[in-house]
Amino acid sequence: MDIPKKRPCVKKKQIITLLFALLLYFPFYMPLAKYMGNLPLSERLGYLPTQEMLKISSIEHKFLISKLIFFKSMFYFGGRINPISKSVSYQIDYDTLHKFLNTSVYLDPYNMDTYYFAQAVLTWDAGMIKEVNEMLKIGKKHRYWDHYFPYFLGFNYSYFLKDYKSASAYFIDAAKITKDPLFANLAARYMYEANQTEAAIVFLKKMHEEIFNQSIKLNLEKRIKVLEAVLLIENKIVEFRNKFKRNPKKINEIVEAGLLNKIPDDPYDGKFYIDEKGIVRTTSKFSSATGKK
């Protein structure tokens, strides 16, 4: 039986260097956040050499460099929000953020933090599904014993890309690794195009349990709340259809029929509505960047 190949051990000296760098980093967080807010958008993440150049120059320190690039990306993403006023000081340049995260993976394909961050942010906030999938495929190749990579890929192919055949194949891979019937059920569900909203909630809650970074956890909690509201409306549409033998055109019809107390609030400050195909949508498009219309 083949023993999974774990990532190479980082030398003790490198770990101490990283911890020391972080200790020096955090006391300067507030003034640096203010400084970054005043910089032109293109300068906030800074210059990054080509991946090949970094890999050659970093030599045995490539794992440390990968971590530092990840931490810089995290700071850039979280630093846009003033912790006191909660106001947004600058808009995220997602193309550059993707470049940094992709470089982090290139230098250290075992760096799980980077994959989590990309999956939580670049997919939902930037719609960079294909780009994130390419990163996840790199992780799946190196961490082939890790079920999270086929799990993330299966979700992205089903929920975002509506490619149920590919999604089912990845969920089957996850089921083979974990022997967990959850993934087998997901594979069957997507094979027959089952309920997408409910599956998304299950996925995000499972992901939320595994993440310790508070910035990403809060981002996921907000996403879960909006999808739970969508699922509630979807279920009430089914009740309305069973009772009146037709689909409602507006959510207010469900409220007026006494099946729903009120239209749920969108945590992204949008308004829920039913589109021409009978699908529950929100004007926020599940993003704070869109908001109320």
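Some observations on this one:
- Subset of segment 148-179 that is under 18 Å from the mean Cα position of the chain (by Cα) and not in a helix (DSSP H, G or I) - its residue that is surrounded by the fewest Cβ atoms within 10 Å (Cβ to Cβ): LYS162
- Top-ranked residue of segment 86-101 - restricted to ones that are within 17 Å of the chain's Cα centre (by Cα) and in contact (Cβ under 8 Å) with a residue 40 or more places away in the chain, ranked as farthest from SER66 (Cα to Cα): ASP93
- Yes/no for TRP145 being surrounded by 18 or more Cβ atoms within 10 Å (Cβ to Cβ), aromatic (Phe, Trp, Tyr) and part of a loop (DSSP other than H, G, I, E, B): no
- Among the residues listed as VAL255, VAL230, the single one being in contact with a Phe, Trp or Tyr (Cβ under 9 Å, 6 or more places away or on another chain) and surrounded by 14 or more Cβ atoms within 10 Å (Cβ to Cβ): VAL230
- Tabulated pairs, segment 136-156, first of a type in the set (Asp, Glu), second crowded, with 19+ Cβ neighbours inside 10 Å and part of a helix (DSSP H, G or I), C-beta under 9 angstrom, 6+ apart or interchain: ASP146/GLY139; ASP146/LYS140
- Selection from segment 232-285 of residues that are of a type outside the set (A, V, I, L, M), under 25 Å from LEU220 (Cβ atoms) and either touching a Gly at 6+ places or on another chain (Cβ under 8 Å) or part of a strand (DSSP E or B) (or both): TYR268, ASP269, GLY270, PHE272, TYR273, ARG281, THR282, THR283, SER284, LYS285
- Condition check for LYS245: in contact (Cβ under 8 Å) with a residue 12 or more places away in the chain, of a type outside the set (S, T, N, Q), over 20 Å from LYS205 (Cα atoms) and surrounded by fewer than 13 Cβ atoms within 10 Å (Cβ to Cβ): no
Every number in this text was worked out from the coordinates using simple rules, so none of it is lab data. Every value quoted in this text rests on a predicted model; they were computed, and no experiment measured them. For neighbour counting, all protein chains shown are included, and Cβ atoms are generated from backbone atoms with ideal geometry for every residue, glycine included.
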